[in-house]
């Protein structure tokens, strides 16, 4: 094979649209299963961080392998980065305002950051928000995006909220998570990628911790 042969466009290397949609659904279900299993194991410290990082990397790989977008490739990296920075700030404000509409039953006074270890900070404020966005605004969003962006945003927000309610054993927490999840879904559709929702989710969790 000579070095001058043309390289196939990435779109030609991806599975057909129907198969990608099915693969995203399977990836979401597998990711949620792994999420539930790792949560049930209740590992701690560096072991917990490493386990969640493996799950997150695997989900990100599957998402990318099946054509999932991290940013709007049509605009180029520079333009997407500039636009994304502004949208992260705007999205952060919107999620915070949306969160004020419904009280969070787990809210606390004062910051917990000083009492957290490095592994806890990475786990709670980086890895988990990234994984949740890959699962909900990434894999699950791709399953329904062919209908409409708004439909996908509403469905993913609903499933995300229910999952949070189940995880915290509190229906009020599910309701509190819904407005922010809707904003993240709209951001996902508007930016055609999950980089902005991930960034906003991380900032909001930092503020709330």
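Somewhere in the range 76-86, is a residue closer than 21 Å to residue 182 by Cβ, touching a helix residue (DSSP H, G or I) at 6+ places or on another chain (Cβ under 6 Å) and modelled with pLDDT under 70?
Step one: list which residues in the range 76-86 are closer than 21 Å to residue 182 by Cβ, which gives 83-84, 86.
Add one more test, that the residue is touching a helix residue (DSSP H, G or I) at 6+ places or on another chain (Cβ under 6 Å), and what stays is 84.
This time we only want the ones that are modelled with pLDDT under 70, so: 84.
Scanning the range 76-86 turns up at least one residue that is closer than 21 Å to residue 182 by Cβ, touching a helix residue (DSSP H, G or I) at 6+ places or on another chain (Cβ under 6 Å) and modelled with pLDDT under 70.
Looking only at the range 178-208, residues that are in contact with a helix residue (DSSP H, G or I) (Cβ under 6 Å, 6 or more places away or on another chain) and farther than 26 Å from residue 64 by Cβ come to 2 in all. Looking at the structure I just gave you, is residue 151 surrounded by fewer than 17 Cβ atoms within 10 Å (Cβ to Cβ), out of contact with any strand residue (DSSP E or B) (no Cβ under 9 Å at 6 or more places or on another chain) and modelled with pLDDT of 90 or more? Yes.
What is the residue count in the range 94-133 for residues that are at pLDDT 80 or above and either buried (at least 16 other Cβ atoms within 10 Å of the Cβ) or closer than 30 Å to residue 64 by Cβ (or both)? If you could, list the steps in order and put the result at the bottom.
Within the range 94-133, the first condition is being at pLDDT 80 or above, and the residues that meet it are 117-133.
Now drop any that are not either buried (at least 16 other Cβ atoms within 10 Å of the Cβ) or closer than 30 Å to residue 64 by Cβ (or both), which leaves 118-133.
The qualifying residues number 16.
Taking the range 22-36 as the range and being surrounded by 16 or more Cβ atoms within 10 Å (Cβ to Cβ) and in contact (Cβ under 8 Å) with a residue 60 or more places away in the chain as the test, the residues that pass are 24, 27, 28, 31, 32, 35. What's the total number of residues in the range 154-175 that are touching a residue at least 40 places away in the same chain (Cβ under 8 Å), within 18 Å of residue 28 (Cα to Cα) and exposed (fewer than 15 other Cβ atoms within 10 Å of the Cβ)? The number of residues fulfilling the criteria is 1. The residues on offer are 178, 184, and the sole one that is touching a residue at least 12 places away in the same chain (Cβ under 8 Å), surrounded by fewer than 24 Cβ atoms within 10 Å (Cβ to Cβ) and more than 26 Å from residue 41 (Cβ to Cβ) is 178.
The values are calculated or read from the model by the stated rules, or taken from the named source; none is laboratory data. Keep in mind the model is a prediction, meaning the values are calculated, not measured. Note that each Cβ is placed from the backbone with ideal geometry, even for glycine, and that neighbours are counted across all protein chains shown.
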